[in-house]
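*Asks:* Structure incoming, see below.
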Amino acid sequence: MKQFTTVLIVTILLAGALHAQDFRFDPPWNTPPSGGVAFTVPGIDNVPDLYGDITDPQLVIFFAGNQFMVIDSLITGFKKTHPQYQRIFAETLPPGILAQQIISGSLVLGNLRIAVTPDIYTAGKSRIDQLRDSFTVVKNYAGNTLAIMVQQGNPKRIRGLTDLARKNVRVSMPNPAWEGIGKRIEEAYIKSGGAALQQAVMKDKVAGGSTYLTKIHHRETPLRVLRQKADAGPVWLTEALYQQMIHHPVSIVNIPEKENIKASYWAGILKSAPHPQAAKDFMGYLMSPAGQGIYKHFGFTPPEL
């Protein structure tokens, strides 16, 4: 009986440890809005990529998702500079999903249908070019480069992109179908190891199950690495820097410049913007020293003027 009791206690403790590991790194990683009833339930009701006031917003912004870390500081700073705008709604989903939302007019999340018209859409240059006729003005406001996020200490000894083809390396990879970064990483694979490396990571390892294609890369890749479900994930450098900034156990493998890719972020005011003056004011703040300082703080490079 005593032995059975001991086994039972150990089982319960292990179950509790596993349960804690499941959710201890869960987003939101930012500070949620104050006021109201707090009802974030890890693993069940957690919507980290929708921010702010969805009812009667004075400004709506669709950000390419990998900028999620700047949103708190950016919107707080904008509100202080322009106190007439206090009800702001922002989304930080993959740019391809946001583009589909603009075209279809709504987004369905669980049982919730969100039908909002954005004033501003931000994305990489290629995605902006696809929607060029939809904007009154577009501006380049930041840049980025690639890196590889790995488990703390880099236990698989990953030194570069070519190591991601190894059979014993589990890769978290953004799906190029809706993640702009996915196509840029494929370019880097070709620069690093030719078409053979791209084939190995994006075809062979996907078919074999050791490359996982994400749906929301900027959330899934850190979580998969943190939960030890992935050994490595190519990401924008700022995403890996942010995980270290909030003291999550990840390490960074830098990619040489000759194999790397430079990204440029562009913002466009939509012709259909319901709040054109607010959009204009936000664009001005985005390009101001204050707005640019926030992006620099999180590791983004300045725009190519």
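*Asks:* ³J(HN,Hα) across segment 61-75 via Karplus (A = 6.51, B = -1.76, C = 1.60, θ = phi - 60°), whole Hz, x for Gly/Pro?
*Replies:* Each residue of segment 61-75 in turn: 10, 9, 9, 3, x, 6, 9, 3, 5, 8, 4, 4, 5, 5, 6 Hz.
*Asks:* Using r as the Cβ-Cβ distance of residue 103 and residue 23, and R0 as 41 Å, what FRET efficiency do you calculate, to the nearest 0.05?
*Replies:* On the way: r = 35 Å, r/R0 = 0.85.
Efficiency, from the Cβ-Cβ distance: 0.75.
*Asks:* Same structure, new question: Taking 0.36 nm per intervening residue step and subtracting the Cα-Cα distance, what contour gain separates residue 203 from residue 152 on full extension? Present the calculation step by step, with values, prior to reporting the outcome.
*Replies:* On the way: separation 51, 0.36 × 51 = 18.36 nm, distance 2.73 nm.
Once the chain is fully extended between residue 203 and residue 152, it gains 15.6 nm.
*Asks:* Which of the residue pairs 215/258; 203/296; 183/271; 80/280; 183/258; 125/258 have a Cα-Cα distance greater than 25 Å in the structure shown? Don't skip to the answer; put the middle values down first.
*Replies:* Working: 215/258 29 Å; 203/296 36 Å; 183/271 28 Å; 80/280 16 Å; 183/258 17 Å; 125/258 21 Å.
In this structure, 215/258; 203/296; 183/271 lie more than 25 Å apart at Cα.
*Asks:* Among [x] 63, 18, 14; [y] 29, 23, 21; [z] 34, 26, 17, which one is semi-axes √(5λ) of the Cα gyration tensor in Å computed from these coordinates?
*Replies:* Given [x] 63, 18, 14; [y] 29, 23, 21; [z] 34, 26, 17, the calculated one carries the label [z].
*Asks:* Using the Cα centre as the reference, give the magnitude of the dipole from point charges on the C-beta atoms of the chain (Lys, Arg: +1; Asp, Glu: -1; all else neutral), rounded to the nearest 20 debye. If you can, show how the numbers build up before the last one.
*Replies:* On the way: 31 positive and 23 negative charges, 150 e Å.
With only Lys, Arg, Asp and Glu charged at Cβ, the dipole is about 720 debye.
*Asks:* Sorted by average packing, counted as other Cβ atoms within 10 angstrom per residue and highest first, what order do 196-208, 163-175 take? Walk me through the numbers on the way to the answer.
*Replies:* On the way: 196-208: 16.4, 163-175: 20.7.
The packing order, highest mean first, is 163-175, 196-208.
*Asks:* Let me ask something else. What nm value, rounded to one decimal, do you get for the distance between residue 133 and residue 80 when each label is placed 7 Å out toward the C-beta?
*Replies:* So the label points at residue 133 and residue 80 sit 4.3 nm apart.
*Asks:* A follow-up question, please. Please quote Rg/Rh for segment 24-112 to two decimal places, taking the Kirkwood radius as Rh and restricting both calculations to Cα atoms.
*Replies:* Working: Rg = 13.5 Å, Rh = 14.2 Å.
Taking Rg over the Kirkwood Rh, I get 0.95.
*Asks:* Sequence neighbours fewer than 8 away in the same chain don't count; with that in mind, list the aspartates and glutamates whose C-alpha is under 12 Å from residue 156.
*Replies:* Leaving aside aspartates and glutamates fewer than 8 places away in the same chain, those within reach of residue 156 are 231.
*Asks:* Through the Karplus equation 6.51 cos²θ - 1.76 cosθ + 1.60, θ set to phi - 60°, convert the phi angles of segment 153-166 into ³J(HN,Hα) values in whole Hz; use x for Gly and Pro.
*Replies:* Using θ = phi - 60°, the values come out as x, 6, x, 8, 6, 7, 10, x, 4, 5, 5, 6, 7, 4 Hz.
*Asks:* How many percent of DSSP beta bridges within the chain run antiparallel, rounded to 5?
*Replies:* Values: 32 of 43 bridges.
Rounded to the nearest five, the antiparallel share is 75 percent.
*Asks:* Measuring with a 1.4 Å probe in the full set of protein chains, what accessible area per residue, in whole Å², belongs to the chain?
*Replies:* On the way: 15170 Å² over 305 residues.
Normalised by residue count, the accessible surface of the chain is 50 Å².
*Asks:* Of all accessible surface on the chain at a 1.4 Å probe, what whole percent is carbon and sulfur? Kindly include the intermediate steps, with their values, before the conclusion.
*Replies:* Values: 8620 of 15170 Å².
Heavy-atom surface of the chain belonging to carbon and sulfur, 1.4 Å probe: 57 percent.
*Asks:* Ignoring GluC sites (Glu not before Pro) that are buried or in helix or strand per DSSP, and keeping those with at most 12 other beta carbon atoms within 10 Å, what is the longest stretch of the chain between them?
*Replies:* Numbers: sites that count: 257, 304.
Longest run free of exposed loop sites: 1-256.
The values are calculated or read from the model by the stated rules, or taken from the named source; none is laboratory data. Predicted, not measured: the structure shown is a model, and the values here were computed from it. Every residue, glycine among them, receives a Cβ derived from its backbone with ideal geometry; neighbour counts consider all protein chains shown. Just so you know, the surface numbers come from the protein's heavy atoms only, side chains and all, with ligands and any DNA or RNA stripped out. Shrake-Rupley method; radii C 1.70, N 1.55, O 1.52, S 1.80 Å.
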